[in-house]
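Okay, structure first, notes after.
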């Protein structure tokens, strides 16, 4: 085997040279998958907004437009491809918050107002178009955490409060008038912020992100039905670390990416790791392996948003760099089984 040198960017510091062994691979860059431009977002372009889905509607709230933090709420109708503004979020304007949905309600909390790490928590009723403040998040105030819901409970984990985090908190919206938070066993992997989370078959998957040593390559799955000591399981790492060929071309490690699930597969796109990315990766739950797909066809970006609506995946918004004052407002739908056609994304 031939030795090769990989350059890995350590966020905010320098590059680290690592020598590894070259393994054979027959994989080629994929042109499988097609991105189609949809109706542009009607609010301010923004990055690090909260997104959640209820039925066939996607929701975007809060975020940063390059000069100010926001609190407006927008609903996207995937069936008819249009946007509608909804009741403004009554909490503090913020970015890098997190959220999830349960039945007909969306929930958001945490984030930063530019000065403070927040822990207030709010419920949006999509049927009444109203907001209600709920019990404060049970952990420390933080930003760049991830949220997800399983079987009527909501969860928040990871983030940054001055320390990188991996504690897990469960929200029960039916317990009392304001709901209650209960701490669950922490994630088994590395502490991090700027990760992504997605849910499939009532299990939550947490992957990517950054910590004090750089980007992380572990991949963790949470099953809330298991005993506390067995609730988290580590899957195969998302970088080229094995002696097998399946991970030869992996270039998945990053932070501030997006993830969504459709038709039994998960997808990760965009994000940053030294540079800003637009590549797309497909995860096969049955084989625990990743496959490169057609890159996102808009500008490379970080801090974008995504949602899945009735087995349709959408990626939208974001910024072209961490220091960019230009926030993006486009939205694209991904068709993973179609061949790439550059003329269709117009």
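Read the figures in this text as sums done on the coordinates, not as results from a lab. All figures in this text were calculated on a predicted structure; none of them were measured in a lab. Here the Cβ positions follow ideal geometry from the backbone for every residue, glycine too, while neighbour counts run over all protein chains shown.
Worth a mention:
- Projected onto its three principal axes, the C-alpha set of the chain covers 63, 50, 37 Å, listed from the longest axis down.
- Alpha-carbon gyration tensor eigenvalues x 5, square-rooted, for segment 163-316, Å: 26, 19, 16
- Mean separation of Cα contacts under 8 Å (6+ apart) over length of segment 168-292, as relative contact order %: 17
- Taking every alpha-carbon pair in segment 53-178 and binning the separations at 10 Å intervals from zero gives 13, 45, 34, 7, 0 percent.
- For segment 303-346, dividing the convex hull volume of the Cα atoms by the residue count gives 93 Å³ per residue.
- Take every Cα pair under 8 Å whose residues are at least 6 apart in sequence, average their separation, divide by the length of the chain, and the relative contact order is 18 percent.
- Simple label model, 7 Å out from Cα along Cβ direction - residue 80 to residue 185, nm: 4.8
- Between 51, 321, 212, the GNM of the chain built on Cα springs shorter than 10 angstrom shows 212 fluctuating the most.
- With neighbours defined as other Cβ atoms within 10 Å of a residue's Cβ, the residues 168, 37 order from fewest to most as 37, 168.
- Under Stokes-Einstein, with the Kirkwood radius over Cα pairs as Rh, the value for segment 251-323 at 4 °C and 1.567 mPa s is 105 µm²/s.
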